[in-house]
Every structure is written in C-alpha cells, then in structure tokens.
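The values are calculated or read from the model by the stated rules, or taken from the named source; none is laboratory data. Keep in mind it's a predicted model, so treat the numbers as computed, not measured. FYI the Cβ positions are ideal-geometry reconstructions off the backbone, even for glycines, and counts take in every protein chain you see. These area figures cover heavy atoms from the full protein model, side chains too; ligands, DNA and RNA do not enter into them. Shrake-Rupley method; radii C 1.70, N 1.55, O 1.52, S 1.80 Å.
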Amino acid sequence: MIIVKSREEIELMRESALIVSKTLGMIASEIKEGVTTLYLDKLAETFIRDHGAVPSFLGLYGFPNSLCMSPNSQVVHGIPNNKPLESGDVISVDCGAFKNGYHGDHAYSFEIGEVAPETKKLLQITKESLYVGIRELRLGNRVEDVGNAIQKYTEAHGYGVVRELVGHGVGQKMHEDPEMPNYGKKGRGKLFVEGMVVAIEPMINMGTRNIKQHKDGWTITTADGKPSAHFEHDVAIIDGKPEILSTFAYVYKALGIVSNEEDEFRKVPLVI
C-alpha cells in the first residue's frame, strides 16, 4: 500500500533528505586516493549526528555501518573497510538519515583520480538515466513507466540493468511501497498518486546485468567483474509532478561542478 504524505510531512522528509545531501557533499570533500572507506564512514556518522539526525543504515536489517560504499564491480551494499581507495576507482556512496520521524536516502557515484573514459561514460549515462526516470513520476503514470524509461536509456548504450535490486517508497520506514524497478513495460504497475515519495535509484552495469551476492550477506558485485554505477534521489509527487527532495548540489560545490540538471524538478530554487 502506498503511504501518502501531507505537504507538512514532505517538508520534514525534505529536511532529512538534505541532511543526506550535505553528508554526501562532505564526503565529496574528503574522498580521494589513499583514504579508506571506513574512515569516510566514521566521518559520515559524526556529521549526521551533529545535524540532529541518526544514520538510517546503521543496524538496519543488521547492516554494520552508516554508509554503503561500493567500489568498482560492487553494485550496492558494500561494507566500509580499511582498504585505501586507489586512482581509477569509482565508488557508489549510499547514505540515509532519520530525523523528525522520516528517512532521507540517496546516493552518488564518485570518481577517484584518473578514471578510464569508458567508466566515466557509465557514470554519466547512469546519472542521466536517473533524471529520465524522474520525469515519468507524475500523475497518470505507473511504476513501470519510470523503469521502462531508465531501461531504454541505459540499454541503448549497451549497459546491463540490474533486476534483483530496486528503488522504493520511503517515509517513516526506509523501505515502503511501491518497489521501483529500473526496468519494465510502460503502463504496468501501481498508479502514481499525489503525495507519494519514492527513492529512484538506477543501478547500471557496464557489462552483464547479472549479479552475485558474497558470503558476508551484503556485498553484491557484477557477475563479470565489470564496473557498476549507482545514483539515487528522493522524489515526491506535488501538484501532479515530480519534485526532488534531495540534491547533488553540495557534491557539486565540493567538486567544482556547475549543473542545472535539477532545476526542472524544483518549484523554488535551492539555496545552499
């Protein structure tokens, strides 16, 4: 059952989402060659708590850390460790924060040092596909309209769309209805309604769409060992149209990137 949020609840969710956005911006300033993911995880936990929230992922279903950090062939759910990042790595950083009774949850894939051109393109297309999918989150459409748009956009570039892992509704619980797959057929799935909030998160592989889960019960990698990319936003339907509650603006500020990609999904300009 889709849990509809009031405008007041959506504003509380925006606050939680922006704490995640600020955390990812802080990570963007710290993530580099030689740094360990466990070090970044500890920074994130402190940052989230200093902003009056608690890490959503820490202890969720038994997960041991505050960030899911998934480098290279890891798709999602990577556990932070003491292995230093290397130039050429790419890494998905997925973060959640819980404040005022609501979760924020989104992710960004970072480049470390000099990254291969074909890997940079994977990240670019995956991020573009996120916005392609968000455009379909509007009244009159259904769940698989979003997935179909993401699938068509990424498969046109020869990439594999992960099937076993999906986006989701988000609110007082981290995972709510509906599931939001990154593939599908137009016109299928639950009908979108005013006030719903979902996390849309393309998980796209350079090669095969197939994945494998490791013995730790969490780490998921591509079956062929090729890189994977992951980007995620929290999005609400307001006045029938998608409005992004999270932002990559803090990441972009840290990295010196200029972008207007989110502007079409905001009624009021974001002030950071």
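Quick one: how many residues across the stretch 104-144 are surrounded by 22 or more Cβ atoms within 10 Å (Cβ to Cβ) and of a type outside the set (A, V, I, L, M, F, W, C)? Number of matching residues: 8. Checking the conditions here, which among 217, 225, 240 is small (Gly, Ala, Ser) and closer than 21 Å to residue 105 by Cβ? Only one candidate qualifies: 217. Taken as a whole, the stretch 24-41 holds no residue that is of a type in the set (Lys, Arg), more than 30 Å from residue 192 (Cα to Cα) and without any contact (Cβ under 8 Å) to a residue 60 or more places away in the chain. Against the definition (over 19 Å from residue 236 (Cα atoms), among the small types (Gly, Ala, Ser) and crowded, with 21+ Cβ neighbours inside 10 Å), how does residue 88 come out, yes or no? For residue 88, the condition - over 19 Å from residue 236 (Cα atoms), among the small types (Gly, Ala, Ser) and crowded, with 21+ Cβ neighbours inside 10 Å - is not met. Against the criterion of being free of Cβ contacts under 8 Å to residues at least 24 places away in the same chain, farther than 20 Å from residue 253 by Cα and either touching a strand residue (DSSP E or B) at 6+ places or on another chain (Cβ under 6 Å) or not hydroxyl-bearing (Ser, Thr, Tyr) (or both), residue 152 qualifies. Against the condition without any contact (Cβ under 8 Å) to a residue 60 or more places away in the chain and either in a loop (DSSP other than H, G, I, E, B) or surrounded by 17 or more Cβ atoms within 10 Å (Cβ to Cβ) (or both), how does residue 173 come out, does it pass? So residue 173 does not fit the description; no. Consider only pairs whose beta carbons are under 9 Å apart and that are at least six residues apart or on different chains; among these, list those whose first residue lies in the stretch 210-235 and is in contact (Cβ under 8 Å) with a residue 60 or more places away in the chain and farther than 21 Å from residue 121 by Cβ and whose second residue is among the hydroxyl-bearing types (Ser, Thr, Tyr) and surrounded by 15 or more Cβ atoms within 10 Å (Cβ to Cβ). Final answer for the pair search is 219/70; 220/70; 220/228; 234/16; 234/246; 235/246. Can you tell me which residue within the stretch 254-272, out of those that are surrounded by fewer than 10 Cβ atoms within 10 Å (Cβ to Cβ), out of contact with any helix residue (DSSP H, G or I) (no Cβ under 9 Å at 6 or more places or on another chain) and of a type outside the set (A, V, I, L, M), is modelled with the lowest pLDDT? Taking the candidates together, the pick is 267.
Checked against the criteria, residue 164 counts as more than 22 Å from residue 241 (Cβ to Cβ) and open to solvent by 10 Å² or more (accessible area, probe 1.4 Å).
In the stretch 23-139, counting only strands (runs of 3 or more DSSP E) that sit wholly within it, none holds 3 or more residues that are farther than 26 Å from residue 261 by Cβ and under 19 Å from the mean Cα position of the chain (by Cα).
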